[in-house]
Every structure is written in C-alpha cells, then in structure tokens.
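Read the structure below first, then the notes.
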Amino acid sequence: MTEILLTNAVLIGALMLALCALAVRIDDVSFIDAVWGAGMALLAFSAWLQLGDPGQRAGLISAMAVIWGLRLGLHLLIRWRASGEDPRYKKILAPAREAGRYGRGALLRVFLPQAVLLWITCLPAQAGIAASGIAPAGTLAMAGAALWLIGMVFETVGDWQLTRFRADPANKGRVLDTGLWRYTRHPNYFGDACVWWGIWLAAAEAGLGVALGTLIGPVFLTFTLTRWSGKPLLERSLVQNRPGYAEYVARTSGFIPWPPKRG
C-alpha cells in the first residue's frame, strides 16, 4: 500500500507541475477545478493498475472514483471554457500578477495546495483499492455503492438542472428553487459528500486500519463543502448580489435535502 500511495503522490505532483506551466502560458488557473475530479479519477485508476491482479472490491472502488471524477471533471471543464477566468482565482492571484510573479503565485497558492488536498481526499479510494487485493465485494462495499449512487444522482441531476436554468435568458438574476434545488440549496455538494462517504464505506471493508486511516478524506471534503470554500463562500456572494436569495436561504435546507419551510 505504501508503494502505491507514494507512487500516486509523485504522479499527482508531476501532473500539477505540468498544469501549472500550462496555466502560466494561458494566464489562467481556473481549469484547476476540473482537475479536482479528474485527478482523483487518475489516482484511483493508477492504484488499480498497480495491483496487478485486482479483485471485485478493488474494481468497484476504482469504478466509483473514476466515473465520479470523469463526470465532474468534464462538467467543470465545459463550464470553464464557457465562462472564462474564475473571479475567485483572479482575486487570489492578483498581487502575484501585478508583481510579475504569476507563475510562482500559481504554483504556491493553487497547484501545490490542490495536489496535497486532492491526494488526501482521495485516500479512501487509493488505500481501499490497495488493501483490497483480490477480495470480493461484501455487504459493506455494496452499501457504499448504494450511497455512491444516491450521490451521483443528486450531483448529476442538480448540475443538469442548474445548467438548463442558467441557459435561459429569462432566468437572469433569478433564484433556482425547483427540482432538487427546492429541497436543498446545494444538491451537487450533497451529492459529492454522499459519493465519497460511499467510497469510504467500501474501502472500510478492507479493515479497521483502512477505515480509520482514510476517514480524513470524506471528513475534509464535507468540511470543505459545508464550512470552508464551498457553501459559505458561494452563498456570501449570492446573498449580496442576487435578489430573493436571502428568502430562499430562509426556507430551504442548506445541505441535507428536506421539504422547504412554509410561510
């Protein structure tokens, strides 16, 4: 397992260095959001390949991570191509750009931190695959797959509904409060959390050591989505700039799907 994890650490580090060079060339780091999902798919697939003779559970964990990562990566890549530079990264790297140190700023403030956090978040998939060997998928792994499927539905449908909503010019400045967005303000974030708690459950079937050692992955992801750079950062901007969003917040669950409040 140690060899697989170290190999993957070198792999993601090399990838981020190459992508940082690309970002400097095009003067935009915003595609890093697409790399978040695609990078985890790469790490899971790499771990699966390194096993040599992977069993059913290793294949299941790998498939869950790869399918999730490729879908999310493609979705965010298309969004970046359509929207251009993300204002968040533009603000973060503005001092470095003005000082003529954009490459250094991109490396130290975006690509290296993302490499570390991506590798940590993907630990359940990497370690779960490495520890599974030729083992079959048991009850816990199947329960994890079921939770993963729920997450994929919420994330995929939520993103699709939001994309359709934004594509209609009549919805400019309005708040999406139908479909899954009627029951949670962030169906895509809720889906993300379900996916990785599901992968963690499947990995936990490999033993208590794997379960405890990789718990940081879904815990960190859930914290990020609900308390750090996900929901709080996005909603702070929407409450200030989107009429009606404060009322939407007051009646709609912030994360876990729940019927909206009345009145």
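The values are calculated or read from the model by the stated rules, or taken from the named source; none is laboratory data. This one's a predicted model, so the numbers in the text were calculated from it and none came from an experiment. When we count neighbours, we look across all protein chains shown, and the Cβ atoms used for this are built from the backbone with ideal geometry, even at glycine.
Remarks
- When residues of region 243-256 are limited to those that are out of contact with any Lys or Arg (no Cβ under 8 Å at 6 or more places or on another chain) and surrounded by fewer than 18 Cβ atoms within 10 Å (Cβ to Cβ), the one nearest to residue 175 (Cα to Cα): 243
- From the options 170, 143, 137, 106, residue that is crowded, with 16+ Cβ neighbours inside 10 Å and in a helix (DSSP H, G or I): 106
- In region 233-258, the residues that are out of contact with any helix residue (DSSP H, G or I) (no Cβ under 8 Å at 6 or more places or on another chain) and within 20 Å of residue 91 (Cβ to Cβ): 234, 236, 237, 240, 241, 242
- Helices (runs of 4 or more DSSP H) contained in region 180-263 and holding at least 1 residues more than 15 Å from the chain's Cα centre (by Cα): 187-204, 208-213, 231-241, 245-251
- Residue pairs meeting the criteria (Cβ under 6 Å; at least 6 apart or on separate chains; first free of Cβ contacts under 8 Å to residues at least 60 places away in the same chain, in region 64-88; second in a loop (DSSP other than H, G, I, E, B) and not β-branched (Val, Ile, Thr)): 80/30; 80/31; 85/28; 85/30; 86/30
- Checking each residue of region 195-205 against the condition of being touching a helix residue (DSSP H, G or I) at 6+ places or on another chain (Cβ under 9 Å), crowded, with 21+ Cβ neighbours inside 10 Å, in contact (Cβ under 8 Å) with a residue 12 or more places away in the chain and closer than 19 Å to residue 34 by Cα gives at least one match.
- Single residue of region 119-161 satisfying the filter (hydroxyl-bearing (Ser, Thr, Tyr) and under 27 Å from residue 2 (Cβ atoms)) that is modelled with the highest pLDDT: 121
- Boolean, residue 227 is of a type in the set (D, E, K, R) and either in contact (Cβ under 8 Å) with a residue 40 or more places away in the chain or crowded, with 17+ Cβ neighbours inside 10 Å (or both): no
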